[in-house]
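Report on the structure given below.
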Amino acid sequence: MTNFWKEIKAPIMALAPMEDVTDTSFRELVARISYPECLHLLFTEFTAVDGMNHPKGKERVSERLIVSKSEREVLKEKGIKLIAQIWGNKPEVFHKITKEISEEYDFDGIDINMGCPVKNVVKQGSCSALIDQPALAQEIILASKEATKLPVSVKTRTGIRQHETERWINQLLETKPAAITLHGRIQKQQSDGEANWDEIAKAVDLRDASGLEIPVLGNGDVLSYAQAVDYTQQYGVDGVMIGRGIFHNPWFFNSTPQNPTREEKLEQLVFHTRLFEANWGGVKNFNILKRFYKIYVNGFEGAAHLRTSLMGANSFADVYQLISAQVQFADFTQS
């Protein structure tokens, strides 16, 4: 298995793994409306290795690893790589589940979450808590690498209570992960304050000093493709991972700024809803979709009123009926 990380022409652009966001439906939508040269990597939602290792929990947890046939076709057509992101704190379980995912699923890589700042996860000793447990973190990375031929990367933060970039990145580099994505906030910040890109640049310098050819991606507060490209030049990173920026503009991954019309925005809203219904109808809570509607319903007359109406919708049919009153799409009500 080749290491695709080294084959992508920089700047590498990625959509971050996000809870209840980057499921197969949203990934497919973003892939479809993005230029293939502007979007290289997609990630699954966070997948708990402990859950995957539990006979009763596996069925529900493994939903995060579902890839629809239509998404797979789009990714293949555009040459976009799909990476499974996993989390936990037991090296032996990482080894087992990494091997299982590699053999039973069709992903291009494995990414280890060492950056999620959510308090109840940190209390378990997982994700960003591993920044203060470097020996355990190294053991997890090495166990995962041993279990698969897929490239194993790491997504993390600069520290827990304060920036410890130099100590932490050097410890990660010792395990030679396929890539490191660094969010420029400490765990205590959660999503507050500004991401410190000078700390991310420090990680690039540390990588360079090590003599290793390991891509370093930066993450945090990037709201446009042009800004992402500028940051690769300004801070020396090999690429940028976009998280909340996609909520400002789902057409983010396009080198030419997109100005979608009202009709185009509503068409994507309907398409996203149809994908979600096809993939998750009767399985996932319909209300998960509502967090997405505000990213399509904005910037045009009557948007605020329509958003309010959509927030009151109770079913897919309600959404289709509300949008049909706004604009007609060919066969848009067909699931």
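General remarks:
- If you sort the three axes of the alpha carbon gyration tensor as a ≥ b ≥ c, you get a/c of 1.5 or more for the range 37-76 and a/b no higher than b/c, which makes it oblate.
- Dipole check for the range 2-49: with +1 at the C-beta of Lys and Arg, -1 at the C-beta of Asp and Glu, and the Cα centre as origin, the magnitude is about 280 Debye.
- Note on Lys123: lysines with a C-alpha under 21 Å away, same-chain residues under 8 apart excluded, are Lys90, Lys155, Lys188.
- Among beta bridges identified by DSSP and lying wholly in the chain, the antiparallel ones come to about 5 percent.
- Rounded to whole numbers, the Karplus 3J(HN,Hα) couplings from phi for the range 35-48 are 6, x, 7, 10, 9, 10, 9, 10, 10, 6, 5, 4, 10, 6 Hz, using 6.51 cos²θ - 1.76 cosθ + 1.60 with θ = phi - 60°, and x at Gly and Pro.
- Sites matching trypsin sites (Lys or Arg not before Pro) across the range 1-99 that sit in DSSP coil, with at most 12 neighbouring C-beta atoms within 10 Å: Lys9, Lys56
- Neighbour cut-off at most 15 other Cβ (10 Å), DSSP loop, trypsin sites (Lys or Arg not before Pro), the range 141-249: Lys149, Arg161, Arg244
- Note on Lys290: lysines with a C-alpha under 26 Å away, same-chain residues under 8 apart excluded, are Lys69, Lys119, Lys265.
- A dipole drawn for the range 262-324 from +1 and -1 charges on Cβ atoms has a positive end, and of Asn285, Phe316, Gln268 the residue lying farthest that way is Asn285.
- Ordering Thr24, Ile12, Asn89 by the projection of their Cα atoms onto the charge dipole of the range 1-116, which places +1 on the Cβ of Lys and Arg and -1 on the Cβ of Asp and Glu, puts Ile12 at the extreme positive end.
- A Cβ-based charge dipole, computed about the Cα centre of the range 105-205 with Lys and Arg at +1 and Asp and Glu at -1, lands at about 280 debye.
- Low-density loop cleavage sites - GluC sites (Glu not before Pro) in the range 1-61, where at most 16 other Cβ are within 10 Å (DSSP): Glu7, Glu19, Glu37
- Estimated purely from DSSP H runs of n ≥ 4, each contributing -39500 (n - 2.57), the mean residue ellipticity at 222 nm for the chain is -12000 deg cm²/dmol once divided by its residues.
- By the Cβ rule of 4.7 Å, the chain holds the following cysteines without a possible disulfide partner: Cys38.
- Only Lys, Arg (+1) and Asp, Glu (-1) charged, at Cβ; the chain dipole about Cα centre in debye: 560 debye
- Shape of the range 4-248, Cα gyration tensor, a/c cut at 1.5: rounded
- Three-way shape label, the range 4-52, alpha-carbon gyration tensor, a/c 1.5: oblate
- Compared with the dominant Cα axis of the chain, that is its longest principal axis, helix 134-146 is turned about 70°.
No lab work stands behind these numbers, since they all come straight from the coordinates. Values in this document were obtained by computation on a predicted structure and should not be read as measured data. Cβ: placed from backbone, ideal geometry, glycine included. Neighbour counts: every protein chain shown.
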